[in-house]
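To start, the structure itself, in structure tokens.
The values are calculated or read from the model by the stated rules, or taken from the named source; none is laboratory data. Since the structure is predicted, the reported quantities are computational estimates derived from the model, not experimental observations. Backbone-built Cβ (ideal geometry, glycine too); neighbour counts: all protein chains shown. Heads up: the accessible areas ignore ligands, DNA and RNA and are worked out on the full protein's heavy atoms, side chains in. Shrake-Rupley method; radii C 1.70, N 1.55, O 1.52, S 1.80 Å.
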Amino acid sequence: RLQVEHLLSVNTLSAQQQIDASDVVKGLTQTPKSLPARYFYDDYGSMLFEQICELPEYYLTRTETAILQQYASAIAQITGACELVELGSGSSTKTRILLDAYNCLGYPLRYIPIDVSAGILESSARLLLADYSSLQVQALVSTYELALKQLKPSQSDSRVICFIGSSLGNLNPQECQVFFSQVTAALAPGEYFLLGVDLHKSKDLLEAAYNDSQEVTAAFNLNMLKHLNQRFDGNFNLKQFKHQAFYNEERRQIEMHLRSMRSQTVELRDLNLIIELDSDETILTEISRKFDLNELKKDLQTQGLKTLNVWMDDNKWFGLLLCQM
Ligand code: AVI
């Protein structure tokens, strides 16, 4: 019942690495410097992200979980039996709430989790198979773009593409548009897109969520440099960088940076890249946008995705949107 396809590591590895490398080179040679957020997620980074989701300050996961618990059954009733494709599935913890709802209604389910982190993808798929006797899992080790391009038409009655956890916030507005068009290309008319997004709220709540007192988010941010060292034979000294996260009110986004504690030279040997950093210079590692529901619904509509339902928590901190092609 389990099939694992490594879209990132069999045929496409060398091509993919070149793409990755050009991203890194571009980001580190421009001013201001930046790095692609997907480098957070080696196996250790994915484990740290799971810890972030449990932090008291990181309201996102528990709020979205509560919304799913309340409305998963409504979602399953609307979509009917389907193939559930999840982008950035990680540990699939929240997805279990949906799987339970489909199970309860007696709907057969094919689950296609997609993640760049092979370790967490395969281990969570095995746990799911042990717990759901009729589930079929086709796990794809892949980026979203590559996986969405490779998906064949749904083998079930319908397809639901699920993108929860507010990962949409990690894309800038232009990337967001491209992403929506990739999603619609992978859906047939009448099929669904389930989207979880973090909404506007006070600066204090937002900044606390990305500056937790246990400093797990700081470790998660710094781990990106360790990942780059391993991947590209680099010599970033993690002790010479500091985590920094703040809310940019104008852009309505949290920005995570790594601040260089002194002027320093860093080398990524496999990329033939030498980087000079000034003291206090920062590298932007992530944006996390916070959404306005009406603007988001309009953007989705422009891409041909009609919002059928919006569910929120009582504080209106987080939104879960069910859209249809
Ligand atoms: C995965 N993504 C939605 C998280 C976020 O909140 O933007 C990543 C994260 N970065 C720091 N904490 C969590």
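Below is a table of values for the structure above.
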read-out: Among (1) of a type in the set (Lys, Arg); (2) at pLDDT below 95; (3) loosely packed, with under 14 Cβ neighbours inside 10 Å, the one test that LYS203 misses; value: (2)
read-out: Any hit, the range 83-100, residues being more than 22 Å from the chain's Cα centre (by Cα) and of a type in the set (A, V, I, L, M, F, W, C); value: no
read-out: Every pair of residues 6+ apart whose Cβ atoms lie under 9 Å, when the first sits in the range 257-269 and is under 17 Å from PRO36 (Cα atoms) while the second is open to solvent by 80 Å² or more (accessible area, probe 1.4 Å) and of a type in the set (Asp, Glu); value: ARG259/ASP280
read-out: Selection from the range 48-91 of residues that are more than 16 Å from the ligand (Cβ to nearest atom), closer than 17 Å to PHE163 by Cα and among the β-branched types (Val, Ile, Thr); value: ILE75, THR79, VAL85
read-out: Residue list for the range 95-118, filter: open to solvent by less than 40 Å² (accessible area, probe 1.4 Å) and outside any helix (DSSP H, G or I); value: LEU109, ARG110, TYR111, ILE112, PRO113, ILE114, ASP115, SER117
read-out: Which listed residue is surrounded by 15 or more Cβ atoms within 10 Å (Cβ to Cβ) and outside any strand (DSSP E or B), from LYS316, LYS297; value: LYS297
read-out: Failed criterion for GLY190 (all others in (1) in a loop (DSSP other than H, G, I, E, B); (2) farther than 19 Å from SER92 by Cα; (3) open to solvent by 60 Å² or more (accessible area, probe 1.4 Å) hold); value: (3)
read-out: Index of the failed condition, GLU286 passing every other in (1) surrounded by 16 or more Cβ atoms within 10 Å (Cβ to Cβ); (2) not in a strand (DSSP E or B); value: (2)
read-out: Residue ID - most open to solvent (accessible area, probe 1.4 Å), chosen from residues in the range 140-163 that are away from the ligand (no atom under 14 Å from the Cβ) and assigned to a helix (DSSP H, G or I); value: LYS149
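Yes/no per residue for (1) within 13 Å of the ligand (Cβ to nearest atom); (2) of a type in the set (Asp, Glu); (3) open to solvent by less than 60 Å² (accessible area, probe 1.4 Å):
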residue: GLY165; (1), (2), (3): yes, no, yes
residue: PHE179; (1), (2), (3): no, no, yes
residue: ASP198; (1), (2), (3): yes, yes, yes
residue: ASN211; (1), (2), (3): yes, no, no
residue: ALA218; (1), (2), (3): yes, no, yes
residue: LEU222; (1), (2), (3): yes, no, yes
residue: GLY234; (1), (2), (3): no, no, yes
residue: LEU238; (1), (2), (3): no, no, yes
residue: PHE246; (1), (2), (3): yes, no, no
